[in-house]
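S.K.: The structure's right below; bear with me while I get my questions together.
The values are calculated or read from the model by the stated rules, or taken from the named source; none is laboratory data. Just so it is clear, the model here is predicted, and its values are computed rather than measured. Neighbour counts run over all protein chains shown; Cβ positions are idealised from the backbone, glycine included.
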Amino acid sequence: MTVEKAKDTITFLGTGGARFTVAKQLLATGGAWLNLGGTEILMDPGPGSLVYAIKQGCDPTKLSGIILSHKHLDHSVDINVMIEAMTEGGWKQRGTVYAPADAFKDGAVILPYVSRYPEKIELLAEGGEYIVGEVRFGTPVKHIHQVETYGFTFQTARHRFSWITDTKLFDSLAGHYKADLLVINVLCYEHRIPVDHLSLTDAKQIIGEIKPRMAVLTHFGMPMWKVKPWEIEDRISDETGTKVVAARDGMVFDLDDVDKLK
């Protein structure tokens, strides 16, 4: 009898980002739930993460880890409640929380009493390598953002994928995130104001440099929401030569779909 291996999936608990999208909840802002071969990881639990996770049938007590790319509110508002949920109110010490050091310092977003609940706390650092369950992930480079911020490369038994979180574009950025699947936070349609975030033009440049089999766009601010990226994904695919998908709230992405592309 052949035992089918557990799939690698990403459930988008939200595809919105930045203060105005958060305040109006035009898009959900709960982060992403990774189920990688049975290892369950929550990434960037922004506002509503617990509610959206429960609605999607995700069980916080099954989490092996929670990853925080940086402490801005649209990524971290629900970090404390999700730690409590993972540890059943702190009664069962389990899981690891991965976060930059400044998430615990002045302006901390992880409360001191809650930080005692996980089995372990690991601080993210440039060039770091981490293991959670059967998954390895790295933080190859510190991003250019208003606070300490990292993107991620993930390696499972079956797939390698990268996630470029919030950052200003810089020359060596793309070189750190080579993979068949690239997930990328795209806040702006075009650069109208000086913010340390990627625009759609930046994203297309990065995709052109990396040349992944597939790219998934997410974390949309108001300017991206207004152009309805899910309606222009085919055009972006044609312009980049890569299959580009705009994530939707609640979308469950199966990484096997990347393997089907030639």
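S.K.: Restricting attention to the stretch 211-246, and to residues there that are in a helix (DSSP H, G or I) and touching a residue at least 40 places away in the same chain (Cβ under 8 Å), which single residue is farthest from His75 (Cα to Cα)?
M.R.: Pro229
S.K.: Next question, about the same structure. So, in the stretch 153-175, exactly how many residues are more than 20 Å from Lys7 (Cα to Cα), within 16 Å of the chain's Cα centre (by Cα) and either of a type in the set (Gly, Ala, Ser) or not in a loop (DSSP other than H, G, I, E, B) (or both)?
M.R.: Selection size over the stretch 153-175: 1.
S.K.: Another one. I'm trying to understand the selection: among the residues of the stretch 110-124, which are part of a loop (DSSP other than H, G, I, E, B) and loosely packed, with under 14 Cβ neighbours inside 10 Å?
M.R.: To start, the set of residues in the stretch 110-124 that are part of a loop (DSSP other than H, G, I, E, B) comprises 110-113, 117-119.
Of everything in the stretch 110-124, those that are part of a loop (DSSP other than H, G, I, E, B) and loosely packed, with under 14 Cβ neighbours inside 10 Å turn out to be Pro112, Tyr113.
S.K.: Please tell me if Gly30 is surrounded by 23 or more Cβ atoms within 10 Å (Cβ to Cβ), at pLDDT 95 or above and closer than 21 Å to Gln146 by Cβ.
M.R.: Criteria not met by Gly30.
Residue-by-condition table, conditions (1) out of contact with any strand residue (DSSP E or B) (no Cβ under 8 Å at 6 or more places or on another chain); (2) of a type in the set (Gly, Ala, Ser):
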site	(1), (2)
Ala6	no, yes
Thr15	no, no
Leu34	no, no
Glu40	no, no
Pro45	no, no
Ile54	yes, no
Ile67	no, no
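S.K.: Now a separate question. When Leu261 is evaluated against the numbered criteria (1) modelled with pLDDT under 95; (2) assigned to a helix (DSSP H, G or I); (3) more than 23 Å from Phe20 (Cα to Cα), which criterion, by number, is the only one it fails?
M.R.: Failing condition for Leu261: (2).
S.K.: With respect to Val147, is the statement that it is under 13 Å from Ser69 (Cβ atoms), touching a strand residue (DSSP E or B) at 6+ places or on another chain (Cβ under 8 Å) and not in a loop (DSSP other than H, G, I, E, B) true? Talk me through it step by step, then tell me what you get.
M.R.: Numbers: under 13 Å from Ser69 (Cβ atoms): yes; touching a strand residue (DSSP E or B) at 6+ places or on another chain (Cβ under 8 Å): yes; not in a loop (DSSP other than H, G, I, E, B): no.
Answer is no for this residue.
Conditions tested, residue by residue: (1) part of a helix (DSSP H, G or I); (2) of a type in the set (Asp, Glu); (3) touching a residue at least 24 places away in the same chain (Cβ under 8 Å); (4) within 19 Å of Tyr98 (Cα to Cα).
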site: Ala6; (1), (2), (3), (4): no, no, yes, no
site: Leu26; (1), (2), (3), (4): no, no, yes, no
site: Leu34; (1), (2), (3), (4): no, no, yes, yes
site: Leu42; (1), (2), (3), (4): no, no, yes, yes
site: Pro45; (1), (2), (3), (4): no, no, yes, yes
site: Gly57; (1), (2), (3), (4): no, no, no, no
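S.K.: Continuing with this model, one more query. Just to be sure before I move on: is Lys92 farther than 24 Å from Phe152 by Cα and assigned to a loop (DSSP other than H, G, I, E, B) in the structure I sent? Please lay out each step first, then the result.
M.R.: Numbers: farther than 24 Å from Phe152 by Cα: yes; assigned to a loop (DSSP other than H, G, I, E, B): yes.
So Lys92 fits the description; yes.
S.K.: Keeping to the stretch 77-89, report how many residues are part of a loop (DSSP other than H, G, I, E, B) and either modelled with pLDDT under 95 or touching a helix residue (DSSP H, G or I) at 6+ places or on another chain (Cβ under 7 Å) (or both).
M.R.: Selection size over the stretch 77-89: 2.
S.K.: Confirm whether Lys71 is closer than 21 Å to Phe137 by Cα, of a type in the set (D, E, K, R) and modelled with pLDDT of 95 or more.
M.R.: Judged against the criteria, Lys71 is a match.
S.K.: Could you tell me which of the residues Gly107, Gly175 is modelled with pLDDT of 95 or more and either in contact with a Lys or Arg (Cβ under 8 Å, 6 or more places away or on another chain) or surrounded by fewer than 16 Cβ atoms within 10 Å (Cβ to Cβ) (or both)?
M.R.: Result of the check over Gly107, Gly175: Gly175.
S.K.: Here is a further query. Mind checking which residues of the stretch 125-143 are outside any loop (DSSP other than H, G, I, E, B) and either touching a Gly at 6+ places or on another chain (Cβ under 8 Å) or within 26 Å of Ala6 (Cβ to Cβ) (or both)?
M.R.: Within the stretch 125-143, Gly128, Glu129, Tyr130, Ile131, Val132, Val135, Arg136, Phe137, Gly138, Thr139 qualify.
S.K.: Need the failing condition index for Ile184 against (1) in a strand (DSSP E or B); (2) touching a Lys or Arg at 6+ places or on another chain (Cβ under 8 Å); (3) not basic (Lys, Arg), just the number.
M.R.: (2) is the only condition that Ile184 fails.
S.K.: So which residues in the stretch 126-156 are free of Cβ contacts under 8 Å to residues at least 40 places away in the same chain and among the polar types (S, T, N, Q)?
M.R.: The answer is Thr139, Thr153, Gln155.
S.K.: I'd like the residue in the stretch 42-61 that is buried (at least 24 other Cβ atoms within 10 Å of the Cβ) and under 18 Å from Ile110 (Cα atoms) and, out of all such residues, is farthest from the chain's Cα centre (by Cα).
M.R.: Here is the first cut: in the stretch 42-61, the residues buried (at least 24 other Cβ atoms within 10 Å of the Cβ) are 42-46, 49, 52.
From what is left, the residues that are under 18 Å from Ile110 (Cα atoms) are 42-46, 49.
Values: Leu42: 8, Met43: 5, Asp44: 6, Pro45: 9, Gly46: 11, Ser49: 13 Å.
Per the criteria, the residue is Ser49.
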